[in-house]
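Single-structure report; data block below.
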Amino acid sequence: MPIPHRARVIVAALSLVALTAVALWMPIPRVGDPGIRRVVAEVRNRLPGWSVVDATSTWEGSFAVVAACGGRQIGFQVVPGHGLPPQDAWIQPNDEFARSRLAEVSDYSTVLVWRAVRITDHTLSCRQELARSSRGLDGGIGSGPVD
């Protein structure tokens, strides 16, 4: 029994609408970003034991990172290049707590920069951060609990 022409047109139109809806509402799959992987590796290297809660590409090749240790978290931007050699990066903390922690792992004392070839061997492990907090040596500053 042949399907009437009108029914085929209706089915085709409904299929097109459904396909368009799926295309608009489904997220675009990402197949890994080598820049994010490189930034996450560097954060784990400089902040051993901290969990990278989020790392996303932002603007002009930069990355937004959130790292957590215990009940605290720090948020910052990693901005490669922009006047530095391409593999070096400016670090822009989101608040004073993040600035105080990231200053300890910066390759310079006056600006927050991570060099591809490190100048200092300083790290800030999660254990160090938890010990500092438990002894009250963090100055009472912090970004609050991790959600």
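The values are calculated or read from the model by the stated rules, or taken from the named source; none is laboratory data. These figures come from a predicted structure and were not determined experimentally. We place every Cβ from the backbone using ideal geometry, glycine too, and count neighbours over all the protein chains shown.
Only residues that are surrounded by fewer than 18 Cβ atoms within 10 Å (Cβ to Cβ), over 11 Å from the mean Cα position of the chain (by Cα) and farther than 16 Å from residue 91 by Cβ were counted in region 52-76, giving 2. Just one of the listed residues (66, 31) is more than 15 Å from residue 115 (Cα to Cα), aliphatic (A, V, I, L, M) and modelled with pLDDT of 95 or more, and it is 66.
Scanning region 89-107 for residues that are surrounded by 17 or more Cβ atoms within 10 Å (Cβ to Cβ) and of a type outside the set (S, T, N, Q) returns 89, 90, 91, 93, 97, 98, 99, 101, 102, 103, 105, 107. Looking only at residues in region 62-93 that are without any contact (Cβ under 8 Å) to a residue 24 or more places away in the chain and not in a strand (DSSP E or B), the one that is nearest to residue 126 (Cα to Cα) is 62.
Scanning region 40-51 for residues that are in contact with a Cys (Cβ under 9 Å, 6 or more places away or on another chain) and surrounded by fewer than 19 Cβ atoms within 10 Å (Cβ to Cβ) yields 48, 49, 51. Can you pull out the residues in region 34-61 that are over 15 Å from residue 102 (Cβ atoms), assigned to a helix (DSSP H, G or I) and among the aliphatic types (A, V, I, L, M)? Residues satisfying the conditions are 36, 40, 41.
Taken over region 108-119, the residue count meeting the criterion of being of a type outside the set (Gly, Ala, Ser) and either exposed (fewer than 14 other Cβ atoms within 10 Å of the Cβ) or without any contact (Cβ under 8 Å) to a residue 12 or more places away in the chain (or both) is 6. Within region 5-15, being at pLDDT below 90 and of a type outside the set (D, E, K, R) holds for 5, 7, 9, 11, 12.
Residue 121: modelled with pLDDT of 85 or more, assigned to a loop (DSSP other than H, G, I, E, B) and of a type in the set (Asp, Glu), yes or no? Let's see the steps before the verdict.
Working: modelled with pLDDT of 85 or more: no; assigned to a loop (DSSP other than H, G, I, E, B): yes; of a type in the set (Asp, Glu): yes.
Answer is no for this residue.
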